[in-house]
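J.: Below you'll find the structure I mean.
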Amino acid sequence: MTAIGLLAGLALIFGLLLGYASVRFKVEGDPIVDKIDAVLPQQQCGKCGYPGCRPYAEAIANGEAEINLCPPGGEVGMLALAKLLDREPKPLNVENIEPAKKVAVIDEKTCIGCTLCIQACPVDAILGGPKLMHTVIAQECTGCELCVAPCPVDCIKMVPLPHTITTWKWPYPN
Amino acid sequence: MKLWQFHGGLKLDGHKSLSSESQIRRANIPDFLVLPLLQHIGEPTETVVEVGDKVLKGQVIGHCRGKDCSLLMSTPIHASSSGTVVAIEDRPVPHPSGLTAPCVVIETDGEDKWIECTPVADYSTLSPTQLLYHIAKAGIVGLGGAGFPAHIKLNSKSIETLIINGAECEPYITCDDRLMREYPDDIIAGAQIIRHILGGTQRCIIAIEDNKPAAYQALLKAAAKDQDIEVVLVPTRYPTGGERQLIQVLTGQEIGRSELPAKRGIVVHNVKTTRAVYRAIQYGRPLISRIVTVTGTGVEKPQNFEVRFGTLMHSLIDQCGRNKAGIERLIMGGPMMGFALPNEEFPIIKTTNCLIVSSAEEIEEIPKPMPCIRCGACAQVCPVNLLPQQLYWHAKAKDFQKVQDYHIFDCIDCGCCAYVCPSHIPLVSYYRYAKAEIRAIEQEHKQAELAKKRHEFRIFRLQRDKKERREKLQKMKAASNASKEAAIKAALERTKAKKEQGSSNEQK
């Protein structure tokens, strides 16, 4: 009888402790989502089928999405996700991965100032106003291509970043 | 003076006598000067001249992006002779990538006319900040080979030891040797100026490798006037001339890559940089030329030249006389850390210290790399105590986390490990590859962070705009409701008043 009472008492104490700890040390948000989000390239291009990198990270964390849907992240990104989540690496599901980073360039002579691209840009990297010329802030453009489709006059082109001595990297030795 | 020793290193065949015995010659003024707008580590400069402009020797043609260069990691580029700007375009520049970069091309007029220079009358009356401003304006960078802007390195507080580096440890190169023999007074005067800028350092050591006795004697003689300057012979051992290796030899302190020597109260400057500082302060002359060793079996008379920046390499080789055997290979820099160039059509820039022109007979065929046999010879010679073998495995496997765990960024690219490797593995190429990839990944991470911040702000902005619009609408609705009510009330009152009036009229 005393044994049962003692155990019940202990269970009660630990239960209360755990209950208190869960309230006291509650973690805001989902830490795994943050970790996945940190690995994603943050282009916000939506090529994975989710509206931005964080929604994709949430979908992966919930087990709704595969880890091989992010083309800008490439194989390196997929491998990093596989390592982080301890999942089996999978080949990317897209065929044409362009390795060279691109930025959007607006042909300012053709631009009619419709603001559609400004609304499409996920990182607010396009400057301009209604019926005024628009331009892309090249340093802030992530190359997501979301502004290309909405343009009614097709004046936005994706231009690969120039290859200069400051962007050049030592190649892998043969 | 007690000397220490760094781990590893190599005793190399110097090949210095090829070029060390003839006087420094002034190279001819070439017909065209090709001046790249980036010749240092840091931010590139912007042109301040246009095609067709007449320029004078020493005139600024590339200015840093900002008003005051002394605050930036950048330094101006000056015209190295007088003439006309004929083009501003991309030209091949001496860089391992073999790519082109923006250059200013000047057709010289042969007059070689200086722009007006303003020397500092008495440097001891000026504050360090004022002197740094002069040095930054003169476009001085570290002339030992790295090209780090001198005013950034000199802008250090509480420095106790100034080391003037005259070690010149790489084979073939003799430009520092000749400079020390011919202009020892300039170097001493430059060292005194630098000491003044650093707030009067306790010690000032000029270090020379013991394979240059003539340079040692010359500096000893010149330094006799100044009791505070010590001239020290250090043992000849590659890479003693490396900044951190020289510090270790002279002070016994081992400093990792993550720490700056200035944090430990030590600053190291090359002898050529020291002379450039002297000329900039004493004569107000900007940096427009440097001493370059042209050596190897491909030239008839290997020697040192005082060369204007922008002079093309082929003109310099012509002045040395070509050997009949022909040129098989051209290396800029030393044989250990330099890189091969595909042809001679590259300009001499601020970081060009040596050209090794080789004929076919000098070149040994590099055997094909064989598998690593884990002999450990590389670890024995590494001057920074790394494990080159481990670095090689992980770099080869592209495991960038592991190479960082093995401190790849402490590697100074000296090439000792590759030199001793019995399997002839190009180890340094692997390390350079890994370092470049890691830097690129870090850069991408930074950009991703920025994009994330901007995306989050955009979401916040859209929500805020929506809320504001809704509130505005509600306010407008409320306002219109109020005005409607007021109108109804007013109408009611009017009719009431009319009624009253009507009834009162009737009463009348």
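J.: Out of B:V357, B:V294, which single residue is in contact with a Cys (Cβ under 9 Å, 6 or more places away or on another chain), assigned by TED's automatic domain parsing to the domain that holds B:G139 and of a type in the set (A, V, I, L, M)?
T.: B:V294
J.: Something else: Please work out which one of (1) closer than 20 Å to B:E442 by Cβ; (2) within 14 Å of chain B (Cβ to nearest Cβ) is the condition A:G46 fails and give its number.
T.: That leaves (1) as the condition not met.
J.: Could you pull out the residue among A:A80, A:A61, A:A104 that is modelled with pLDDT under 90, within 19 Å of the chain's Cα centre (by Cα) and away from every other protein chain (no Cβ under 12 Å)?
T.: Criteria check complete, one pass: A:A61.
J.: Additional query: Looking only at the range B:324-340, count every residue that is surrounded by 17 or more Cβ atoms within 10 Å (Cβ to Cβ) and over 22 Å from B:G241 (Cβ atoms) and tell me the total.
T.: The qualifying residues number 2.
J.: Just to verify a result, which residue in the range B:414-442, among those that are within 21 Å of A:K101 (Cβ to Cβ) and more than 9 Å from chain A (Cβ to nearest Cβ), is modelled with the highest pLDDT?
T.: B:I438
J.: Check B:C372, B:C417, B:C378 and return the single one that is part of a loop (DSSP other than H, G, I, E, B), touching a helix residue (DSSP H, G or I) at 6+ places or on another chain (Cβ under 9 Å) and among the hydrophobic types (A, V, I, L, M, F, W, C).
T.: Only one candidate qualifies: B:C372.
J.: Let me ask another. Given the options B:I327, B:I317, name the one that is in contact with an Asp or Glu (Cβ under 8 Å, 6 or more places away or on another chain), among the aliphatic types (A, V, I, L, M) and assigned to a helix (DSSP H, G or I).
T.: Result of the check over B:I327, B:I317: B:I317.
J.: Being in contact with a helix residue (DSSP H, G or I) (Cβ under 7 Å, 6 or more places away or on another chain) and away from chain A (no Cβ under 11 Å) is the filter here, so list the residues in the range B:386-408 that pass it.
T.: Across the range B:386-408, the qualifying residues are B:L386, B:L387, B:P388, B:Q389, B:L391, B:H394, B:K402, B:V403, B:Q404, B:Y406, B:I408.
Residues are listed down the side, and each one gets a yes or a no for (1) among the charged types (D, E, K, R); (2) crowded, with 24+ Cβ neighbours inside 10 Å; (3) out of contact with any helix residue (DSSP H, G or I) (no Cβ under 7 Å at 6 or more places or on another chain):
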residue: B:G199; (1), (2), (3): no, no, no
residue: B:I205; (1), (2), (3): no, no, no
residue: B:K212; (1), (2), (3): yes, yes, no
residue: B:A218; (1), (2), (3): no, no, no
residue: B:A224; (1), (2), (3): no, no, yes
residue: B:I229; (1), (2), (3): no, no, no
residue: B:T236; (1), (2), (3): no, no, yes
residue: B:P239; (1), (2), (3): no, yes, no
residue: B:L246; (1), (2), (3): no, yes, yes
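J.: Let me ask something additional. Filter the range B:445-477 down to residues that are at the interface with chain A (Cβ under 7 Å from one of its Cβ atoms) and of a type in the set (D, E, K, R) and give me whichever is surrounded by the most Cβ atoms within 10 Å (Cβ to Cβ).
T.: Out of the qualifying residues, it is B:K452.
J.: Take B:C411 and tell me if it is more than 14 Å from chain A (Cβ to nearest Cβ), under 28 Å from the mean Cα position of the chain (by Cα) and not polar (S, T, N, Q).
T.: no
The values are calculated or read from the model by the stated rules, or taken from the named source; none is laboratory data. Note that the coordinates shown come from a computational prediction; the quantities given were computed from them, not determined experimentally. So basically every Cβ, Gly included, is an ideal-geometry build from the backbone, and we count neighbours across all protein chains shown.
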